Ligand code: SAH
Ligand code: SF4
Ligand code: F3S
């Protein structure tokens, strides 16, 4: 979910040759849009919020007659929606920007813009000192894109990295870019007020603000009408969603919002991400339990299993409190799957403290974990106050232990499902074979099963599981759901 893989490879063999040989104008081939529209190519990195933002950007660009292309060399404008969460994420983007600059040598008309969190963090450095791009646009400034692009088309360089306290892009109808036609993301809030000491997000995304609840429900309804069957409500901390209806003065909480979206249609599945353990309430858990179409899956990042480290991280809960939350979830929804984010080797972490992380993972019995070793980010509270003193090889060894344990937990979790039958939403063909469908059950587990005549993507089916590995369940359709 957070890994920095480009959405689209997008580079043809010809362009690869050009870039490798660096002498290829003769080989360079740009196809002009038949309607005379300008074309943009966008790559997104980082979290789902960024992917969702790229769809807002596509919508804003459509107003100035830009259409998306998946072929990089056809583009008049290349946009990179960037992530700053770890150093590696920024390194990946830098490599891509260097490559786009080579493409510019072959097509001097081409413009390159950087969007998102790295734009916000680096501000004019990318434009002025490094001269890597023509345009720098922060996550709250996308409405300004038509003006900024206008300036760039005139040969200027442009920048807007202002953060906002209000912007939620509530009225913008996203253009679904990489869609399967079945599942979609809906951003319900922006920014983060939490200040976890390791994290750059509060600096790149600004203050937390919640989007108009009715615009969220309208977007979900519209998606359902178009044939979508699952929406994921997105925010850095969805459980602190709070929107005050200006007409009634009543406040809509996250539990209220879940209920409103659940009522759009019983066949529309609802997922959400991410939950901060301190904010997920019983009311949210009871609402999840009440509606079959709210998926029984919670991503509840622990970060560390040790109370001293959690305090240094400013996570505002300790080990026991987190364990209590896991107990509460299990009490209210015994069938709920839980996943996590884990950081190895945070400042001053000892071997015993690392062991606490391993033991809490077992306690929580995570079905999956996103695991990282600590990467110091400039300007964060941890970078200012704490020493990044765990040696890299120790961080990596601890990360390896965390990953090995998670692989074991994931496999055990999945083996328990063998012999059981689950309601699955068909999302499309499996990655390996067009003879198989893939889909997910309510616990967010991926199931692969042979296609059967009469069933198509977007259908709900009952699938009996016969095999499992750590990543996938395999089975067969037993009936329509
Ligand atoms: N808002 C979400 C997380 C967003 S960032 C939450 O609070 O859970 C996604 C994950 O990246 C974090 O949960 C954390 O595990 C990881 N992360 C963030 N900053 C990091 C850093 N400096 N080094 C390593 N991992 C980091
Ligand atoms: Fe970062 Fe913490 Fe906010 Fe998540 S809750 S985005 S980890 S500051
Ligand atoms: Fe990365 Fe920004 Fe998301 S830093 S994880 S793209 S909020």
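The values are calculated or read from the model by the stated rules, or taken from the named source; none is laboratory data. Quick caveat, the model's predicted, so the values are computed rather than measured. Cβ atoms come from the backbone with ideal geometry, glycine included; neighbour counts cover every protein chain shown.
Considering (1) free of Cβ contacts under 8 Å to residues at least 60 places away in the same chain; (2) over 24 Å from residue 472 (Cβ atoms); (3) loosely packed, with under 14 Cβ neighbours inside 10 Å, the lone condition that residue 385 does not fulfil carries the number (1). Could you tell me which residue of segment 182-205 is farthest from residue 256 (Cα to Cα), considering only residues that are out of contact with any helix residue (DSSP H, G or I) (no Cβ under 9 Å at 6 or more places or on another chain) and away from ligand 3 (no atom under 12 Å from the Cβ)? The selected residue is 182.
Residues that are within 24 Å of the chain's Cα centre (by Cα) and over 23 Å from residue 327 (Cβ atoms) within segment 253-291 comprise 256, 257, 259, 260, 261, 262, 264, 267, 268, 269, 270, listed in sequence order.
Applying the set (1) away from ligand 1 (no atom under 16 Å from the Cβ); (2) touching a residue at least 12 places away in the same chain (Cβ under 8 Å) to residue 218 leaves exactly one unmet item: (2).
None of 8, 56 is surrounded by 15 or more Cβ atoms within 10 Å (Cβ to Cβ) and either within 16 Å of ligand 1 (Cβ to nearest atom) or modelled with pLDDT under 55 (or both) except 8. Scanning segment 313-324 for residues that are surrounded by fewer than 21 Cβ atoms within 10 Å (Cβ to Cβ) and outside any loop (DSSP other than H, G, I, E, B) yields 319, 320, 321, 323, 324. Scanning segment 46-69 for residues that are in a loop (DSSP other than H, G, I, E, B), more than 16 Å from ligand 2 (Cβ to nearest atom) and under 20 Å from the mean Cα position of the chain (by Cα) yields a count of 0.
Of the helices (runs of 4 or more DSSP H) lying entirely inside segment 201-302, those containing at least 3 residues that are more than 16 Å from ligand 2 (Cβ to nearest atom) and within 13 Å of residue 188 (Cβ to Cβ) span 213-225, 254-262. Here residue 295 passes the criteria (1) more than 16 Å from ligand 3 (Cβ to nearest atom); (2) without any contact (Cβ under 8 Å) to a residue 40 or more places away in the chain; (3) within 19 Å of residue 232 (Cα to Cα) except the one numbered (2). Of all residues in segment 360-384, how many are outside any strand (DSSP E or B) and touching a helix residue (DSSP H, G or I) at 6+ places or on another chain (Cβ under 9 Å)? Residues in segment 360-384 being outside any strand (DSSP E or B) and touching a helix residue (DSSP H, G or I) at 6+ places or on another chain (Cβ under 9 Å): 16 in total.
Filter segment 428-472 down to the residues that are in a strand (DSSP E or B) and under 15 Å from residue 182 (Cβ atoms) and list them by number.
Those that are in a strand (DSSP E or B) and under 15 Å from residue 182 (Cβ atoms): 428, 429, 437, 438, 439, 440, 446, 447, 460, 461.
Condition check ((1) assigned by TED's automatic domain parsing to the domain that holds residue 59; (2) surrounded by 24 or more Cβ atoms within 10 Å (Cβ to Cβ); (3) within 16 Å of ligand 1 (Cβ to nearest atom)) across all residues:
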position	(1), (2), (3)
83	yes, yes, yes
97	yes, no, no
110	yes, no, no
149	yes, yes, no
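Going residue by residue through segment 81-98, is there one that turns out to be touching a helix residue (DSSP H, G or I) at 6+ places or on another chain (Cβ under 7 Å), within 30 Å of residue 275 (Cα to Cα) and part of a strand (DSSP E or B)? Within segment 81-98, one or more residues are touching a helix residue (DSSP H, G or I) at 6+ places or on another chain (Cβ under 7 Å), within 30 Å of residue 275 (Cα to Cα) and part of a strand (DSSP E or B).
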